[in-house]
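The next block holds one structure in the form of structure tokens; read it before the comments.
The values are calculated or read from the model by the stated rules, or taken from the named source; none is laboratory data. Here the structure is a predicted model, which is why all the values come from computation and not from measurement. Because the Cβ atoms are built from the backbone with ideal geometry, glycine has one as well, and the counts that use them run over all protein chains shown. Keep in mind that these areas ignore ligands, DNA and RNA; they rest on the heavy atoms of the full protein, side chains included. Shrake-Rupley method; radii C 1.70, N 1.55, O 1.52, S 1.80 Å.
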Amino acid sequence: MAFADMMRRKILMPAHLMRDGHDENLFDHFANVASRIGVYTARDYGAILEHLVGTWNVEKLTGLSSEGREAQDYVCGLAQRLKRVEERALARAKKAPTVSFSWISSREV
């Protein structure tokens with residue numbers, strides 16, 4: 001249940017707090033570029049989650065309370081949900097315009 005609780009609280013990329021003093025939408029622009037080039041995306045979170053679920057045999061746990069079974073169902077289905085999130089993010093990223101980042105000499109990416 002602790003695993004499900006942690007995942008329900010959402011994992012945020014530390015970069016969501018980044019600021020450069022120029023771009024009010026810096027994280028959104030950064031996330032679009034990261035998705036477009038395939039660097040640490042929701043796909044990666046899904047792969048990590050699948051690894052943990054498999055390593056810890058979460059799907060095979062038995063004798064759980066109804067609350068525990070609900071948490072198990074949630075955690076075991078989350079990787080598939082993250083794949084759908086990644087598909088939507090990638091589609092959005094492909095449509096996004098190129099942007100300049102101040103920390104790379106305002107080069108467009």
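Within the accessible surface of the chain, defined with a 1.4 Å probe on protein heavy atoms only, the carbon and sulfur portion equals 55 percent.
The heavy atoms of VAL85 present about 60 square angstrom of accessible area, all protein chains included, probe 1.4 Å. Calculated mean residue ellipticity at 222 nm for the chain: -19000 deg cm²/dmol, from DSSP H runs with n ≥ 4 weighted as -39500 (n - 2.57), summed, divided by the residue count and rounded to 500. Taking every protein chain into account, the accessible area of the chain amounts to 71 square angstrom per residue (probe 1.4 Å). When only Cα pairs below 8 angstrom with a gap of at least 6 residues are kept, the chain shows a relative contact order of 34 percent.
Only protein heavy atoms count here; on that basis, with a 1.4 Å probe, ASP23 has an accessible area of about 30 Å². For the chain, the longest principal axis of the alpha carbon atoms and the long axis of helix 26-37 meet at an angle near 80°.
Between 0 and 90 degrees, the angle of helix 66-95 with respect to the longest Cα principal axis of the chain falls at about 20 degrees. LYS94 contributes an accessible area of around 140 Å² to the protein surface, as traced by a 1.4 Å probe with all chains present. The charge dipole of the range 22-76, taken about its Cα centre with unit charges on the Cβ of Lys, Arg, Asp and Glu (plus for the first two, minus for the last two), comes to roughly 260 debye.
Taken along its three principal axes, the alpha carbon spread of the range 2-109 comes to 57, 24, 19 Å, from the longest extent down to the shortest.
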